[in-house]
Amino acid sequence: MAATIPQMDAAKMQLVQDLEIEMMSDMYNRMTAACHKKCIPPKYKDAELVKGESVCLDRCVAKYLDIHERVGRKLTQMSLQDEEAVKKLQGEMPRINEFNPYLNEYHSNNSNEANIFSKENCPQDPLL
């Protein structure tokens, strides 16, 4: 099932691009901080990374990006399922009204329901 992308004007497209850049920048900053904390000791012995630190950083970044991609795919899948469920429910709503002829009669007889909570119908709270 191909997802359709609605046409966007230039301002909306710029906003989407700015949000994407902000999200990627945030992810990069969090990844850098997490991998640095995990792989680099607080006291530097050498100016260059040693082999163990370099390997640790490579693995940390690879895992971080892999998890980021998996979470993104799962969120996209969940979003599509939610959209399908909403469409399905919206398609069933007219059928619910067909099977319940009393629903329209009830709503037409109780059209002034909003007025039952007016100031005249509610006692004043003594604490207010």
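How about the range 41-90: which of its residues are hydroxyl-bearing (Ser, Thr, Tyr) and within 29 Å of the chain's Cα centre (by Cα)? Steps first, please.
Of all residues in the range 41-90, those hydroxyl-bearing (Ser, Thr, Tyr) come to 44, 54, 64, 76, 79.
Listed by number, the residues that qualify are Tyr64, Thr76, Ser79.
To keep it simple, each residue is scored yes or no on (1) assigned to a helix (DSSP H, G or I); (2) exposed (fewer than 11 other Cβ atoms within 10 Å of the Cβ); (3) in contact (Cβ under 8 Å) with a residue 24 or more places away in the chain.
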position	(1), (2), (3)
Gln17	yes, yes, no
Ala34	yes, no, yes
Glu48	no, yes, no
Cys60	yes, no, yes
Asp82	yes, yes, no
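Looking at this structure, is Asp46 at pLDDT below 90 and of a type in the set (Asp, Glu)?
On the way: at pLDDT below 90: yes; of a type in the set (Asp, Glu): yes.
Yes; evaluated as a whole, the condition is true for this residue.
The values are calculated or read from the model by the stated rules, or taken from the named source; none is laboratory data. Because the structure is predicted, anything quoted here is derived from the model rather than measured. With ideal geometry, Cβ positions are generated from the backbone for all residues, glycine too; neighbour counts draw on all protein chains shown.
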